[in-house]
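Structure, as structure tokens:
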Amino acid sequence: MATTTSTAAHTTLTSVTLEVADLEGARRFYRAFGVDAYLSLRASETHSTGFRGFTLALTVSGPATVDAFIAAAVDAGGEEVKPAVKSLWGYGGVIQAPDGTIWKIATSAKKDTGPATRDIDEFVLLLGVEDVKATKQFYVGRGMTVAKSFGGKYAEFAPAQSGRVKLALYKRRGLAKDLGVNAEGTGSHLIVLGGTTAAFTDPDGFVWEAPTPA
């Protein structure tokens, strides 16, 4: 008796690759910043202007740790885009790496319960998209599982068991506003995502690559 094999796509975010103009400079920056274990880097001469439509976010234990990561980034050549401040939800700030990637460092804690550390509790890739509901359904169709969803404003997917990064969707203009930058931008996102059975590009132009065979 013949058997059938499911051909449904299965996608889990397992890696993030940033494309940078200065490969050695980016390596030095991300080592000093303390996130080099979470990223891959590769040289690229592809052009991009303005907001690239995404941010990488670190969730940490307390305000002192937020400040420590921001200070390390600035000391290594990053730019403080939005100073760390208290808010209703916690404490956080935004920096931009020399390669142009925007990072948000935040905590839900408003007071420290211990000294600053270099530990990262959660590493999140937030994609700024035009239609959260439509893009959410696109990824569900590729085998991803929704963990949280707030109408057409935000969606978060369950991370891969072996993955170190979580994927979430946010309205592009809302994300830019939260970061304190202009929402306009053109050219490449300069980010490539890994963890799929076949290469594809999502509705907002974010590129996914299949793993390289051993």
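Once the Cα-Cα distance is subtracted from the 0.36 nm per residue extended length, the Val207 to Glu80 segment shows a gain of 42.9 nm. Just how far, in whole angstrom, is the stretch 54-95 from the stretch 154-199 if you go by their alpha carbon centroids? One Cα centre to the other: 18 Å. Cross-link partners for Lys82 among the aspartates and glutamates, with Cα-Cα distance under 13 Å and sequence neighbours closer than 8 places in the same chain left out: Asp67, Asp178.
The residues neighbouring Ala73, those whose beta-carbon lies less than 9 Å from its own, together hold a net charge of -3 under the Lys/Arg +1, Asp/Glu -1 convention. Relative to the longest principal axis of the Cα atoms of the chain, helix 132-141 runs at roughly 50 degrees. Given their separation in residues at 0.36 nm each and the Cα-Cα distance between them, Arg42 and Lys111 gain 21.0 nm when the chain is fully extended.
Per-peptide packing, taken as the mean over residues of other Cβ atoms within 10 Å, places 13-21, 40-48 in the sequence 13-21, 40-48 from highest down.
Three principal axis extents of the stretch 62-154 based on alpha-carbon atoms, in descending order, are 42, 32, 22 Å.
Expressed to the nearest 5 percent, the antiparallel share of DSSP beta bridges inside the chain is 65 percent. Against the main long axis of the alpha-carbon atoms of the chain, helix 23-33 sits at an angle near 60°. Here the stretch 113-180 yields Rg over Rh of 1.05, to two decimals, using C-alpha coordinates and the Kirkwood radius.
Each value in this text was obtained by applying a stated rule to the coordinates, not by laboratory testing. From a predicted model like this one, the values you see are computed outputs, not experimental measurements. So basically every Cβ, Gly included, is an ideal-geometry build from the backbone, and we count neighbours across all protein chains shown.
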